[in-house]
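Quick notes on the structure that follows.
The values are calculated or read from the model by the stated rules, or taken from the named source; none is laboratory data. Since this is a predicted model, take the numbers as computed values, not measurements. Cβ placement follows ideal geometry from the backbone for every residue including glycine, while neighbour counts extend to all protein chains displayed. Side chains are part of the model used for accessible areas, which takes the heavy atoms of the whole protein and leaves out ligands, DNA and RNA. Shrake-Rupley method; radii C 1.70, N 1.55, O 1.52, S 1.80 Å.
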Amino acid sequence: MMRGGAGHASEGSRAYAADVASVPQQHVRLRIEQVVAGGDGLAREASGRVVFVPGVLPGEEVAVRLVTAKRDFARGEVLEVLEASPARVSPPCAAHRRGCGGCDWQHADPARQDELKLEVVREALRRTARMPDVVVTAGGSVPTWAYRTSMRVAVDRAGRVSLRRPRTNEPVVLDHCLVAHPLLDELVHDARFAGADEVSLRVSAATGERSVWWTTARPDDIVVPEGLGAGVTVGVDAVVHEEVAGRRYRVSGESFFQSGPAAAELLVRTVSDMGGDALAEARSVVDAYGGIGLFAGSLATTAPAAAFTLVEGSAAACADAVENLADLDADVICSPVEAWTPSPVDVVIADPSRHGLGRDAVTVLAATGAPVLLLIGCDPVAFARDAALLAAEGYALDEVRSLDLFPQTHHVEVVGRFRRSTAH
Ligand SMILES: C[S@@+](CC[C@H](N)C(=O)[O-])C[C@H]1O[C@@H](n2cnc3c(N)ncnc32)[C@H](O)[C@@H]1O
């Protein structure tokens, strides 16, 4: 059981003291120092060994059961919050209380979530990139609930929409999802996909269109969905049309889309703002990892003189991008970025998947010689690794913003602007 109780010993803490006495090697009392990338709290035992604990906040004192213990670090689970942070709130989601691993920061007040994400980004730049002096500011958040328009989910034996219990394969039926757009939540509640392995659900906030597709564990397994309701299209080719900053985009089932249109709009606005004069004056812009053409499409007015080259590895996303950018001066190149032959450009926008750019893509993008490179990352540690690789290629990081596109979770989006030094 988790209980908050600021600053005084409770009955629970006396019970915990008894536990400590009986199994000292497994139960510990810890003060949480900080949260780390990945969302867990970090504390230190008296020996100095680091313990990672989910579901906690900096400053809290917690009774913890160690679930894995290695020589250098351990992982624990909270038995009781002995002294709660003022930012601790009661998670409102029933699925979360049943163990759903989807929203791991529901116990934190949303304003505190933003601050913690900022600290996680700063820490990644300090530790991984060795860039302690880069200025990182909070760049805004989407609404804290009902923001998601796409979800990839598991199902239980009856085919009900579920997410997994953390660090297990066990499905936890959602029934409702508080971060899902109401049209998506209707699917979460009503739809059944018995026999599916994973299911992708997507809705459009602009048009009300809905699409679903799924994978099965074995190719011959047949899934007959139930409870989809009228007008839901089925299959990887099913499309919805979404609107971002007044422009409409086709998004097929297999193509990536941001957590929702509010996230897409905030991201585009941030990139446009940070691109500033470089975008306004650009004659050529590369939209690397361009997906369905979100940046090329939405930045066409910010960079009115620019020809866009979108480089994207997914055939489905490329097909969407060709349609979405048909009215603009834009080429779509369907290729992994690492295999693309770079040509000189004025601005690079790069929005890779969770793993970041890596050395090969950094080499390719740096070979464009772009004076300004805007990097978007959804993993602060991968972003910091890329920042160090870009620095070695002559790109200095001069501004970073952290965006909260996934409230109630530890996920944070990072946007950084790099300028090429003239020496290169
Ligand atoms: C985070 S998404 C960003 C998409 C787009 N910028 C947007 O905001 O909608 C990353 C995109 O990179 C694509 N991708 C992943 N690895 C790639 C690679 N090595 N080369 C090119 N594209 C890749 C994915 O298919 C996906 O569309």
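Quick check on the range 38-167: take the gyration tensor over C-alpha atoms, sort the square-rooted eigenvalues as a ≥ b ≥ c, and tell me if it's rounded (a/c under 1.5), prolate or oblate.
Values: a/c = 1.65, a/b = 1.17, b/c = 1.41.
Taking the square roots of the gyration eigenvalues as a ≥ b ≥ c, the range 38-167 is oblate.
Mind jotting down the distance between the C-alpha centroids of the range 30-96 and the range 285-300, whole Å?
40 Å
What does the C-alpha gyration tensor say about the overall shape of the chain? Classify as rounded when a/c is under 1.5, otherwise prolate if a/b is larger than b/c, or oblate.
oblate
Only helical DSSP H runs with n ≥ 4 go in: add -39500 (n - 2.57) per run for the chain, normalise by residue count and round the 222 nm mean residue ellipticity to 500 deg cm²/dmol.
Numbers: 9 runs with 101 residues, N = 424.
-7500 deg cm²/dmol, from helical runs alone.
Quick one: which residues, 5 or more positions from residue 160 or on another chain, have an amide H under 5 Å from its amide H? H modelled 1.01 Å from N in the peptide plane, none for Pro or chain starts.
Placed amide hydrogens put 193 under 5 Å from residue 160.
Enter the accessible area per residue of the chain (Å², integer; probe 1.4 Å; all protein chains in place).
Details: 18700 Å² over 424 residues.
For the chain, the solvent-accessible area averages 44 Å² per residue.
In whole percent, what relative contact order does the range 311-424 give with Cα contacts below 8 Å and a gap of six or more residues?
Across the range 311-424, relative contact order equals 22 percent.
At a 4.7 angstrom Cβ threshold, list every cysteine in the chain that has nobody to pair with, or say none.
Singleton cysteines: 93, 100, 103, 177, 378.
Tell me, what is the 1.4 Å probe accessible area of residue 61, in Å² to the nearest 10?
40 Å²
Can you give me the long-range amide H partners of residue 141? Hydrogens built in the peptide plane at 1.01 Å from N, cutoff under 5 Å, separation of 5 or more residues or another chain.
404
Output ³J(HN,Hα) for the range 114-128: one whole-Hz value per residue in order, computed from phi by the Karplus curve 6.51 cos²θ - 1.76 cosθ + 1.60 with θ = phi - 60°, and x for Gly and Pro.
Whole-Hz 3J(HN,Hα) from phi for the range 114-128: 4, 5, 5, 5, 4, 5, 4, 5, 4, 5, 4, 5, 5, 7, 8.
Please find, in a Gaussian network model of the chain (springs between Cα atoms separated by less than 10 Å), the residue of 180, 111, 303 whose mean-square fluctuation is greatest.
111
Residue by residue through the range 199-207, what is 3J(HN,Hα) from phi via Karplus (6.51 cos²θ - 1.76 cosθ + 1.60, θ = phi - 60°)? Round to whole Hz and write x for glycine and proline.
Using θ = phi - 60°, the values come out as 10, 9, 10, 9, 10, 10, 6, 7, 10 Hz.
Using Cα-Cα distances under 8 Å and only pairs 6 or more residues apart, what relative contact order does the chain have, in percent?
Computed value for the chain: 13 percent relative contact order.
Length gain on complete extension for the stretch residue 164 to residue 388, per 0.36 nm per residue less the alpha carbon to alpha carbon distance?
Using 0.36 nm per residue and subtracting the Cα-Cα distance, I get 77.2 nm.
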